[in-house]
Structures are given as C-alpha cells and as structure tokens.
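First up is the structure itself, then whatever we jot down about it.
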Amino acid sequence: MEERLPTTKQIRSGDLGEILGVAYVNELTDYEIGVFRLQWKDHRNMAMRGDDLIGIAEGDDGRAYFLKGEAKSAANIAAATITAARAALAGAEERPTPHALLFLSEKYLSAGREEICDLIDEATLDRTIDLDQVEHLIFTFTGNAAGGLLTTDLQNYAGTVSQIAVNFHVPTHQNFIQNVFDTVIANARQS
C-alpha cells in the first residue's frame, strides 16, 4: 500500500485536497461521488488529469444533474490558482467532459451501479446536458484564508451555471498533510 502513496509534497497536497473535496460533496451536498478517481492513478507521483470532482444526482424529473468541481490545494493559494480552476470549469462548455463521464459510466457499471450508469448514458448519449443540469464547485484546501479570492471569483462569474465555492482553511496546511500521510503509512504497516 505504501508504494501507492505519493511521495512529493505537491502531489500529496493535491491528492488530499481532492479527497477532502469528495468528502465535502458526499457529506454536504445532494450529489454523490461514488467513483474515487485517485484509485485509478497511473503513477503515485503524477496528478490526475481531467475533471477533479463530478457528482451526480437524479432529479425529481428523472434527469441526471451534475456537479463539476475543481479541487485546489496549497499552503498559500493565489488568485492565479482560482483563475485556473475557473478556466477548467469553463471547459467543455461548462459541462463535465465527455471522456470523464465515459470513465465514470464504465466504473459505475463495473461496480454494479447500473442506475447511475444509465443516468450518465441517457444524459450524454440520448441528448446533450443542459446547463440547468450543471452546478460548479471550486473547493480549496489552503493554509491561507482564501474566502476573499473565492468571493471575487464568484462575483466575476458571468455565466448561468449555479456556483459553489468552499475554502477549507487549515493554517498548518503542510504539517496537517504530513501528519495525515504519516498516520496512513503507520496504520498500513500495522495491519
């Protein structure tokens, strides 16, 4: 197990940011992220490509609704990182990317979650995803308070997609990450 964990500070930070983002979505929104992308990483010290977070919910109308999210982690996050997150959310005409949805559909199907697979397939194969079926999330895990940066970003967003911005602020960001990975490694060695 230890050999699958990232060894660089930057990748550890990014991976933990994505894990916390998934936990936020699953615990505090109506969306579900049931496919954990990090278990499909090519290499432990490489960042994942594509949409960071894609949550799915079935509406009362039977249609699929998608949360497209970007998870960013840094000890001292800057406006440029938020700008990059916004650019990623704008990609694919503000919708989840087709290749990410295909990946999710395959993983849900192999996990026996045909109902989620069917929602994705119906939304992507039978028709296009309308923007009213999409919500955006920028999730930040930072050592500095990033609320002002996120507020500015939200105020400058000129599109029609509903927006969420979250800053999980841990002043001891780097120590927190180190402690998490030290604990995971120690627990893996004991089992």
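The values are calculated or read from the model by the stated rules, or taken from the named source; none is laboratory data. Model, not experiment: these values are computed from the prediction. With ideal geometry, Cβ positions are generated from the backbone for all residues, glycine too; neighbour counts draw on all protein chains shown. Only protein heavy atoms, including side chains, enter the accessible area calculation; ligands, DNA and RNA are left aside. Shrake-Rupley method; radii C 1.70, N 1.55, O 1.52, S 1.80 Å.
Worth pointing out:
- Three-way shape label, the stretch 110-161, alpha-carbon gyration tensor, a/c 1.5: oblate
- Over the chain, DSSP H runs of length four or greater, each weighted -39,500 (n - 2.57), average out per residue to a 222 nm ellipticity of -13500 deg cm²/dmol.
- Cut-off under 5 Å, modelled amide H: who pairs with Thr140 long-range: Lys72, Val166, Asn167, Phe168
- Sequentially through the stretch 160-166, phi angles give Karplus couplings (6.51, -1.76, 1.60; θ = phi - 60°) of 10, 7, 4, 10, 10, 9, 9 Hz, Gly and Pro residues having no value and appearing as x.
- The stretch 119-191 shape via C-alpha gyration tensor axes, a/c threshold 1.5: oblate
- Cα-based Rg of the chain normalised by 2.2 N^0.38 Å, two decimals: 1.05
- Here the calculated FRET efficiency for Thr172 and Ala111, from their Cβ-Cβ distance with R0 = 35 Å, stands at 0.45, rounded to the nearest 0.05.
- Which of Thr83, Asn156, Leu104, positive extreme of dipole for the chain (C-beta unit charges): Thr83
- Under the criterion of Cα pairs below 8 Å and six or more residues apart, the relative contact order for the chain equals 22 percent.
- Alpha carbon centroid spacing (whole Å) that separates the stretch 149-191 from the stretch 59-85: 12
- Probing with 1.4 Å while keeping every protein chain in the model, the per residue accessible area of the chain equals 53 Å².
- Share antiparallel - DSSP beta bridges, the chain, percent rounded to 5: 30
- Spin-label model distance (nm) - Thr128 vs Ser162, 7 Å beyond Cα toward Cβ: 2.2
- Within a Gaussian network of the chain (alpha carbon springs, distance under 10 Å), most fluctuating of Gly62, Gly143, Gly17: Gly62
- When only the Cβ of Lys, Arg, Asp and Glu is charged (+1, +1, -1, -1), the dipole of the chain relative to its Cα centre reaches about 1100 debye.
- Carbon + sulfur, % of accessible area of the chain - ligands and nucleic acids excluded, 1.4 Å: 53
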